[in-house]
Ligand code: ADP
Ligand code: ZN
Ligand code: ZN
């Protein structure tokens, strides 16, 4: 194009965040005085607003508005590269979202507000890396000698890094028990990629796990080479770290699920730690799976991807057993130390502990034998972790005189009693009130908590173990900035004998003095309607067990259960993930569930009880008319397991296919029709499609 001789404006296709209900793909035409390369960042008018946009490749499929408006501003930044655009285009198509919406929401919001002078200043402030050679020398000085399993895993990464671009690179599944040295493998693999002058993307499931992994990467490679991306950053921080990744000044990008869409022009390796974790799946927006996108991204960029877990997702395990993924095993703990012995406590056989007998006593939180074991540990200066996956004091309050219960007026759920601030709180909609002094229905003064959450467990345990220093870790005790770090530091310093908490205590933390871990009430998840519940329970319990004996000491994992013979617990006792996975996969195959089927869930809610199911019914009929010869099953609408939340009735309908491709094809035709259907169902509050839903 001979731009120098034309003075007429050129047309540009721009990805802009058009609202989903508009039914636009998100590519609109704008004009500018001269051509801009695809990937250039611009500000453009959209309706009455000015929005961030990305100049897109012109494939002729955009929507040209009647009046072409000019680009308002061009951001002085390098363009987003073709690999990034390909990733976003895939993600938008796969998750049935507008491309513009998906692309712009992957960018830091603070980009929107800065002018080019400010941007230039930010770019200069992005961290500057030291040279790769320096870092390599430092790494050699600090890294332990790899054991055979670790060395083989690193060698597999090395050989994939050496492949020509077009060669196939199966994703690598690093299956290693807790403490087997997976992180050490990530560090060595990262070193290899950094040595080639490439960037490394490391994903972790939870923001709580970023500081400790960041510390290990920083100790090895230098903090100034790392950019972190997670939802806990302020908008300016997020912008700074994003810019460091985008400008290529950060060599390592470490973050939670949102980091998978960061711009990484020199990407050379992708690592997904705890790849099985449900937190990788977003529960709002496009509901994308960062784990799946990481695999796809690595494939598109022709770089290795390493998925690590002690309890891989059944999807990844299945891929490995089919030969599509390369399995790399670390069967033993790297620093020595046996895995904990499992002790299954049959609750029906247990005596009540001393001090909790007599009429009116709540059932004991901890069986006497377990209590004795905790006390022994305390006397030896060792720590115990008690896992109870329910926060608050009690899940419901109850009036014995009239059967009133603490229902939420806005949801089909009980409000949880929190004793510390004497409130009843709905964990679904947030509705909070002070606890009534007497029953609101009959005036009876004697309303009592039923069941037990972590707050009550802590209180009861203090009564049973008066000398123990007991601490509690859950969403309520860690809501303030820095409180989690403070509490973890107290545990590490040995100021705590017994730590009570929700699943928050089970994940990742490297506690050195814990020799006993107990799950007090895990049975609930055995009989959940969620088809992934057993997988989650197994992973959670094995993770929790992994907190014990990190220091090489002999350790135990206790389970209080009414189902001591359950196959899940039996497999756990043998630390036998393959047996558990095989039985689960057989069940999934028999039931036609993932990974043997592909699912999409259409959700809808409305204030009145009828609109959401009517919309879904119409949607199912529209879908049926589309599917033709394709092997697609359209299920009728059903209420969500929590049928009403915040005064909205929630419904969902499932679409299923034994193959991914026909499902994708039919969804792409169906979703545009849904936009039209939505307009015919005025009372609908929201609808959303969830591809590969985590629960149905
Ligand atoms: P994971 O990530 O699998 O939980 P880590 O990489 O954190 O395991 O390793 C667990 C512990 O073992 C750490 O303290 C680590 O320093 C140590 N470790 C890892 N690899 C080795 C090795 N090859 N030799 C000795 N110690 C090791
Ligand atoms: Zn009452
Ligand atoms: Zn509620």
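The values are calculated or read from the model by the stated rules, or taken from the named source; none is laboratory data. Treat the numbers as computed from the prediction; the structure is a model and nothing was measured. Neighbour counts run over all protein chains shown; Cβ positions are idealised from the backbone, glycine included.
For the range 244-257, name all the residues that are surrounded by fewer than 24 Cβ atoms within 10 Å (Cβ to Cβ) and touching a residue at least 60 places away in the same chain (Cβ under 8 Å).
If the condition is that a residue be surrounded by fewer than 24 Cβ atoms within 10 Å (Cβ to Cβ) and touching a residue at least 60 places away in the same chain (Cβ under 8 Å), then 247, 249 are the ones that fit.
Inside the range 452-474, can you point out the residues that are out of contact with any helix residue (DSSP H, G or I) (no Cβ under 7 Å at 6 or more places or on another chain), in contact (Cβ under 8 Å) with a residue 60 or more places away in the chain and assigned to a loop (DSSP other than H, G, I, E, B)?
Scanning the range 452-474 gives 452, 453, 467.
Against the definition (in contact with a strand residue (DSSP E or B) (Cβ under 8 Å, 6 or more places away or on another chain), more than 25 Å from residue 460 (Cα to Cα) and within 16 Å of ligand 2 (Cβ to nearest atom)), how does residue 441 come out, yes or no?
Yes.
Go through the range 640-674 and give me each residue that's within 16 Å of ligand 3 (Cβ to nearest atom) and either farther than 15 Å from residue 608 by Cα or assigned to a strand (DSSP E or B) (or both).
Correct list: 640, 641, 642, 643, 644, 645, 648, 649, 650.
Would you please name the residue that is surrounded by the most Cβ atoms within 10 Å (Cβ to Cβ), looking only at residues in the range 545-572 that are in a helix (DSSP H, G or I) and in contact (Cβ under 8 Å) with a residue 24 or more places away in the chain?
545
What residue, of 99, 80, 107, is at pLDDT below 95 and either surrounded by fewer than 22 Cβ atoms within 10 Å (Cβ to Cβ) or in contact with a strand residue (DSSP E or B) (Cβ under 9 Å, 6 or more places away or on another chain) (or both)?
None of the others qualify; the one that does is 99.
Only residues in the range 646-665 that are farther than 26 Å from residue 684 by Cβ count as the first member; pair them with residues that are modelled with pLDDT under 95 and surrounded by fewer than 16 Cβ atoms within 10 Å (Cβ to Cβ), Cβ under 7 angstrom, at least 6 apart or cross-chain, and list the lot.
658/631; 659/631; 662/630; 662/631
Quick test for you: out of 191, 166, pick the one residue that is away from ligand 1 (no atom under 16 Å from the Cβ) and either surrounded by fewer than 21 Cβ atoms within 10 Å (Cβ to Cβ) or assigned to a helix (DSSP H, G or I) (or both).
Going through 191, 166 in turn, just one is away from ligand 1 (no atom under 16 Å from the Cβ) and either surrounded by fewer than 21 Cβ atoms within 10 Å (Cβ to Cβ) or assigned to a helix (DSSP H, G or I) (or both): 166.
Of the residues that sit in the range 403-414 and are in a loop (DSSP other than H, G, I, E, B) and surrounded by 14 or more Cβ atoms within 10 Å (Cβ to Cβ), which one is farthest from ligand 3 (Cβ to nearest atom)?
Checking each candidate, the answer is 404.
Given the conditions (1) modelled with pLDDT of 95 or more; (2) more than 16 Å from ligand 2 (Cβ to nearest atom); (3) closer than 23 Å to residue 498 by Cβ; (4) surrounded by 21 or more Cβ atoms within 10 Å (Cβ to Cβ), report the number of the one that residue 469 does not fulfil.
Single failed check for residue 469: (4).
Hey, could you check the range 477-510 for residues that are touching a strand residue (DSSP E or B) at 6+ places or on another chain (Cβ under 7 Å) and in a loop (DSSP other than H, G, I, E, B) and say which is modelled with the lowest pLDDT?
Among residues in the range 477-510 that are touching a strand residue (DSSP E or B) at 6+ places or on another chain (Cβ under 7 Å) and in a loop (DSSP other than H, G, I, E, B), the one modelled with the lowest pLDDT is 506.
Just for the range 388-402: of the residues that are assigned to a loop (DSSP other than H, G, I, E, B) and away from ligand 2 (no atom under 15 Å from the Cβ), which one is nearest to the chain's Cα centre (by Cα)?
Once the filter is applied, the top-ranked residue is 389.
Of everything in the range 409-426 that's touching a strand residue (DSSP E or B) at 6+ places or on another chain (Cβ under 8 Å) and within 16 Å of residue 650 (Cα to Cα), which residue is farthest from ligand 1 (Cβ to nearest atom)?
410
For (1) in a loop (DSSP other than H, G, I, E, B); (2) farther than 27 Å from residue 311 by Cα; (3) in contact with a strand residue (DSSP E or B) (Cβ under 9 Å, 6 or more places away or on another chain); (4) more than 16 Å from ligand 1 (Cβ to nearest atom), each residue gets a yes or a no:
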site	(1), (2), (3), (4)
205	yes, no, yes, no
213	no, no, yes, no
216	no, no, no, no
227	no, yes, yes, yes
244	no, yes, yes, yes
259	no, no, yes, yes
271	no, no, yes, no
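Do any residues in the range 433-444 that are closer than 15 Å to residue 409 by Cα and without any contact (Cβ under 8 Å) to a residue 24 or more places away in the chain have Cβ atoms under 7 Å from those of residues that are away from ligand 3 (no atom under 16 Å from the Cβ) and part of a loop (DSSP other than H, G, I, E, B), where the two are at least six apart or on different chains, and which pairs are they?
Every condition considered, the pairs that remain are 434/422.
Got at least one residue in the range 415-433 being farther than 30 Å from residue 386 by Cα, part of a loop (DSSP other than H, G, I, E, B) and more than 14 Å from ligand 2 (Cβ to nearest atom)?
So far as the range 415-433 goes, no, none of its residues is farther than 30 Å from residue 386 by Cα, part of a loop (DSSP other than H, G, I, E, B) and more than 14 Å from ligand 2 (Cβ to nearest atom).
Can you name the number of the only condition in (1) farther than 30 Å from residue 696 by Cβ; (2) buried (at least 22 other Cβ atoms within 10 Å of the Cβ); (3) under 21 Å from the mean Cα position of the chain (by Cα) that residue 542 fails?
It fails just one condition, (1).
Return yes or no: is residue 210 under 30 Å from residue 337 (Cβ atoms) and at pLDDT below 95?
The answer is yes for residue 210.
What do you reckon, is residue 437 touching a helix residue (DSSP H, G or I) at 6+ places or on another chain (Cβ under 7 Å), part of a loop (DSSP other than H, G, I, E, B) and either crowded, with 17+ Cβ neighbours inside 10 Å or at pLDDT below 95 (or both)?
Against the criterion (touching a helix residue (DSSP H, G or I) at 6+ places or on another chain (Cβ under 7 Å), part of a loop (DSSP other than H, G, I, E, B) and either crowded, with 17+ Cβ neighbours inside 10 Å or at pLDDT below 95 (or both)), residue 437 does not qualify.
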